């Protein structure tokens, strides 16, 4: 019964279902503002890291630790996950709910893969002598990259919740804004990673 | 939930679960007033200690705790929530909306503030409050023994989260929820200034979030950001704190400017002079507010170039502020001024605030700042702008909007006594502190030596503080003795803006029909160009309302439980608390909540009664 209703709704959905209702427009705009605040949040962390990255003391420094091959794989995984989330939104706008779900699951899978690599990375650094309290560089590095990792983890849990909750509902005016804001969030953490890649890793090895 | 069920909740459960912006506004006011009284008590205890040289009314350690908690409480737990109370109650009414954009988040913001504030104050009872000043400079704060600073870090983190949520909510409300015809340049100035203040909240608070996060990691998890012997840097804290801290000053003062810009035209019976100049001056102040944080750090040793840049940028803020002052004066010019209590506060504000502004330009002179730094001159300056600006604005706003919020008018005679006693007490307390500072009296020190010419002015200052206390008690009495002044509460001041078109007290749906706005000062326009009633922008019909929910309380409660877990490093408590918080968020996410409708017959009946 509920499914029939959902099917009917799906056929009559407007072209931009994420912004069709006032509630959807509020979510959409509010989320952009939230990302503005997040930008300052990460900006503060980047500033702190730049101020402290030479404070390595006797502990290992960026050039001793970072390996571009590992970071390159992580970057590719995260960039690809942004691409799959774009495919999901394209499917949403075409009214292909199944396509939306499949591409969002792909995004989640790539997010999990990224997290696995990050945990491996931190584990490696720890065993090379970089504890959280080893030096100011260590604290700043783990805090910046770890905060980004926590954002990825939150995104994975958030999108998974949406996918399970709405696995059978079809696309509605209620869940379209939810998927859309989740994708916005995912793009944002991807962009933050691009900056981490440049400021932390490239500058750490080459600068 | 059905309409009948929504009507039948008991009172306490109703307030705990409400998502109505008016009830949340009133709760913000009540919570803010409680903390205002608490912060005032802390100030009085400090002033008693400083009444005589080498007095031993309180211990030096207690004095440190008092001065820290006074500043923290007044800024985060009194001034901002009180302003948020007015913003919550008034903004939707002024733009012709039925509620804010995110009623659920609105409730969440309030409960986060309240629980964060209570958490901070629990520290008094468990071994000492934070004692490193409200600015919590490292390494004093990162090395401070005991748990006081842990309460500071986590209490402000929780409360700050609530503020950030509130700021985003106001931004979206103002952009998306305006009634037909209410263009941006027809918005009342209070809504405009709250909009800019919300922008500042959005871009300033995350810097504090990170600062507090780093301090927490440093204190609880062995972080080394500020530990110089590990390659850390103490100046990072100062930058992060003031990148937040200076915009914070404008977050407080801009809504107060907005309140005065509502009161003065109403009681001068004239349109606000230079409306568009006022709007752009507000925007410029908001922008420049982010460019000047390092003027708090002139004596740190940033060098002459940085000091000069920040000095000039700071002085530049005097220009848009001056534009505002002159626009208020010209609003009064040639008006038929009514000296109501609300207007007295607005009139008292102008000279008081200008004095604070002048000492602000003096402090911005970076060379002279080396002399003023950390003396009572600074204390006098910021109390002139915060009390002379924000607090007078809050009291003026209280007298102005009280009939709309509570359905009765405050007694004018008592109100005028309150105003004059408060204004006198305020100038008595802080005017002399300029000179104490210039004579070299250090701020944040528990005592001073006799025989240096500091005695009489300190004594005068304390007497002024007593006078302010007496005045505030008169205000509290006024609240209780005036409850019968119920006549003409809907539009007592011959108002100009949309909030005065609603009945007092305001029905939960605000407007039976969304009004059509035809000009700036929409109601005034209808009074003189129309038939005295707002034109409706929609037919009478059922009104959709959001359901109340207990989840905001649970989310906030979970964070408090987790905070105690962090402070005392009890892992199960951390897991339990975060479990409650994220579990509640999970429930919120998977449970679709479509609200309920108030039937049109009910609204018609309200209209006939009203």
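Each value in this text was obtained by applying a stated rule to the coordinates, not by laboratory testing. Nothing here was measured: the structure is a model prediction, and the numbers come from that model. Glycine gets a Cβ as well: all are built from the backbone with ideal geometry, and neighbour counts include every protein chain shown.
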Under the Debye formula (equal points on every Cα, no solvent term), log10 I(q)/I(0) of the range B:462-610 at q = 0.09, 0.12, 0.16 Å⁻¹: -0.62, -0.88, -0.95
Label-to-label distance, nm, for residues given as residue B:52 and residue A:63 (7 Å Cα→Cβ offset): 6.7 nm
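Can you tell me, using C-alpha contacts under 8 Å and at least 6 residues apart, the relative contact order of chain A as a whole percent? Mind showing how you got there, number by number?
Working: 201 pairs, mean separation 77.9, N = 207.
Here the relative contact order equals 38 percent.
What is the range A:17-206 by shape, rounded, prolate or oblate, if you read a ≥ b ≥ c off the alpha carbon gyration tensor as root eigenvalues and call it rounded for a/c under 1.5, prolate for a/b larger than b/c, and oblate otherwise?
Numbers: a/c = 2.89, a/b = 2.06, b/c = 1.40.
Judged from the Cα gyration tensor, the range A:17-206 comes out prolate (a/c at least 1.5, a/b above b/c).
At a threshold of 8 angstrom on Cα-Cα distance, excluding pairs fewer than six apart, so keeping six or more, what relative contact order does chain B reach in percent? Please list the in-between numbers first.
Numbers: 1026 pairs, mean separation 104.4, N = 610.
Answer for chain B is 17 percent.
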For the protein assembly as shown, calculated [θ]222 nm from helices alone, where every DSSP H run of n ≥ 4 adds -39500 (n - 2.57): -23000 deg cm²/dmol
Centre separation in Å (Cα based) which lies between the range A:99-133 and the range B:143-216: 32 Å
Cα centroid of the range B:384-413 to Cα centroid of the range B:71-110, whole Å: 16 Å
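Tell me the relative contact order for the range B:455-610 as a rounded percent, counting alpha carbon contacts under 8 Å between residues six or more apart. All intermediate terms of the calculation are to be shown ahead of the outcome.
Details: 137 pairs, mean separation 27.5, N = 156.
Averaging sequence separation for qualifying contacts and normalising by length gives 18 percent for the range B:455-610.
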Within the range B:514-545, backbone nitrogen closer than 19 Å to the virtual label 7 Å beyond the Cα of residue B:601 toward Cβ: B:540-545
Dmax and Rg, reported as Rg then Dmax, of the range A:111-185 (C-alpha, Å): 17.0, 52
Using alpha-carbon coordinates, inclination of helix B:412-438 to the longest axis of chain B, degrees: 30 degrees
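Looking only at other chains, what is the average number of their beta-carbon atoms within 10 angstrom of each beta-carbon in A:18-31? Before the final figure, lay out each step's value.
Values: counts 0, 0, 0, 0, 3, 6, 0, 5, 9, 3, 2, 6, 11, 2.
Counting Cβ atoms of other protein chains within 10 Å of each residue's Cβ and averaging gives 3.
Across peptide B:232-242, how many C-beta atoms of other chains are within 10 Å of each residue C-beta, on average? Walk me through the intermediate numbers first.
Values: counts 9, 6, 0, 1, 7, 1, 0, 4, 4, 0, 0.
Rounded to a whole number, the mean comes out at 3.
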Residue A:126 versus residue B:594: modelled label distance in nm, points set 7 Å from Cα along the beta carbon direction: 4.8 nm
Rough spin-label spacing in nm, given labels placed 7 Å along Cα→Cβ, for residue B:125 and residue B:575: 2.9 nm
Using alpha-carbon coordinates, inclination of helix B:571-590 to the longest axis of chain B, degrees: 20 degrees
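For the protein assembly as shown, rounded, prolate or oblate, judged on the Cα gyration tensor with a ≥ b ≥ c (square roots of eigenvalues), a/c < 1.5 rounded, else prolate if a/b > b/c? Display every interim value, and only then the final one.
Working: a/c = 1.80, a/b = 1.07, b/c = 1.68.
Oblate.
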Euclidean distance between Cα centres, the range B:530-598 to the range B:476-521, Å: 28 Å
Gain in span if fully extended, residue B:586 to residue B:306, counting 0.36 nm per residue against the direct Cα distance: 96.0 nm
Cα long-axis angle, helix B:376-385 against chain B (0 to 90 degrees, to the nearest 10): 0 degrees
